[in-house]
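Taking it in order: structure first as structure tokens, then the write-up.
The values are calculated or read from the model by the stated rules, or taken from the named source; none is laboratory data. This one's a predicted model, so the numbers in the text were calculated from it and none came from an experiment. As a convention, Cβ positions derive from the backbone with ideal geometry for all residues, glycine included, and neighbour counts pool all protein chains shown.
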């Protein structure tokens, strides 16, 4: 596909479909179906690409919790740029499917009124998809069925066993996806109770959870608008890329600058919110907490959907529409702060070292300083062996 890739609001595609222009949405669904059917070893396959984010682990993180076995970057300055490259790779794979050469990855607009009022776009909530020609398939945007098992060699530390067997289907809140030997029976009992509610009720529960995360907070017993929606707006006020990019840097910045008795400029939030913060919240809103906690899992403690933890989040198809929106927010921040052509990183600030937060990714040395030239492994510029980096130009 030549020229700039224009990404659309997913609900615009859905609205066009409802009005009779069915091709854009159907082409997207055919593209996802296509990559999900490719052999797991194919570099354009959904399994291969989804596995780059977390499991199946490789490198030192295969069996050492001090290192990270996936390629994704969290809690450091590469968080926005690595996931931008990741979305580009997934989008390129979609375009490799015959008849889908012009498809682009839409974003799920998580702050528009439709999301605030209705939750997740309905296309993601349908188990089956019926094409205009009458063909019926398992909806590739609802769930992914594992074509190959993955094994969590770190279980049960540092958190839980995220092994998944062949044929496992990804799930979202309020379901549990913990299917390792120690959790399987409990998960089966939990999911049986959820199934008994009926598909429509389960979708209602998921949407209510998403809406609650976006719109409500509880401060001193007073519930009101705030939550994730407010975080999204506030992250655009972050004064520099380093603290905008990740939770580690923002935490240090707030320790250094918040409540020091000096008035903050009108254009800067006194308490910096990094883009990664509302991003994390939306993962939990869709997936549920990674470890069941009656204090935080809402009505359904024990919900452990795949979006709720980094190990397998990339296997839920909605992950990419969420991250496409995160990338759109990143772009808005770049335009607002004049960093469209060049990002700037504060050298040796917390959040700029490979050991910060998650630990070094495969091939990255421990203690390495992260900068604009750090390779965004394993991604290469199209048609070359040149590693992608955070250099904008």
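Taking the condition at pLDDT 95 or above, buried (at least 19 other Cβ atoms within 10 Å of the Cβ), touching a strand residue (DSSP E or B) at 6+ places or on another chain (Cβ under 9 Å) and more than 24 Å from residue 211 (Cα to Cα), does residue 162 pass? No. Look at the range 382-393: where a residue is in a strand (DSSP E or B) and a partner is modelled with pLDDT of 90 or more and exposed (fewer than 13 other Cβ atoms within 10 Å of the Cβ), sitting 6+ places away or on another chain with Cβ atoms under 9 Å, you get 387/381. For the range 178-216, the set of residues classified as under 28 Å from residue 113 (Cα atoms) and not in a helix (DSSP H, G or I) consists of 197, 198, 216, listed by residue number.
Somewhere in the range 54-70, is a residue surrounded by fewer than 23 Cβ atoms within 10 Å (Cβ to Cβ), touching a helix residue (DSSP H, G or I) at 6+ places or on another chain (Cβ under 6 Å) and under 26 Å from residue 373 (Cβ atoms)? For the range 54-70, residues surrounded by fewer than 23 Cβ atoms within 10 Å (Cβ to Cβ), touching a helix residue (DSSP H, G or I) at 6+ places or on another chain (Cβ under 6 Å) and under 26 Å from residue 373 (Cβ atoms): present.
If I ask for residues that are exposed (fewer than 12 other Cβ atoms within 10 Å of the Cβ) and assigned to a loop (DSSP other than H, G, I, E, B), which ones from the range 334-343 would you list? Break it down stepwise before answering.
Initial filter on the range 334-343 (exposed (fewer than 12 other Cβ atoms within 10 Å of the Cβ)): 335, 338, 341.
Of everything in the range 334-343, those that are exposed (fewer than 12 other Cβ atoms within 10 Å of the Cβ) and assigned to a loop (DSSP other than H, G, I, E, B) turn out to be 338, 341.
Pairs are defined by a Cβ separation below 7 Å, a sequence spacing of at least 6 or placement on different chains, a first member in the range 361-378 that is under 20 Å from residue 245 (Cβ atoms), and a second member that is exposed (fewer than 14 other Cβ atoms within 10 Å of the Cβ) and at pLDDT 95 or above; the pairs so defined are 369/348. Scanning the range 311-327 finds one or more residues that are crowded, with 18+ Cβ neighbours inside 10 Å and at pLDDT below 95. Scanning the range 314-341 for residues that are in contact (Cβ under 8 Å) with a residue 60 or more places away in the chain and over 22 Å from residue 11 (Cβ atoms) turns up 314, 315, 333, 336, 337, 339. Scanning the range 31-46 for residues that are in contact (Cβ under 8 Å) with a residue 24 or more places away in the chain, out of contact with any strand residue (DSSP E or B) (no Cβ under 9 Å at 6 or more places or on another chain) and in a helix (DSSP H, G or I), we see that the one that is surrounded by the fewest Cβ atoms within 10 Å (Cβ to Cβ) is 34.
Among the candidates 239, 265, 270, the residue that is out of contact with any helix residue (DSSP H, G or I) (no Cβ under 8 Å at 6 or more places or on another chain), farther than 30 Å from residue 125 by Cα, part of a loop (DSSP other than H, G, I, E, B) and at pLDDT below 95 is uniquely 265. Residue count for the range 101-125 satisfying the condition of being in a loop (DSSP other than H, G, I, E, B) and either more than 21 Å from residue 47 (Cα to Cα) or modelled with pLDDT under 95 (or both): 9. Evaluated against (1) modelled with pLDDT under 95; (2) buried (at least 23 other Cβ atoms within 10 Å of the Cβ); (3) in a helix (DSSP H, G or I), residue 361 falls short on exactly one condition, (3).
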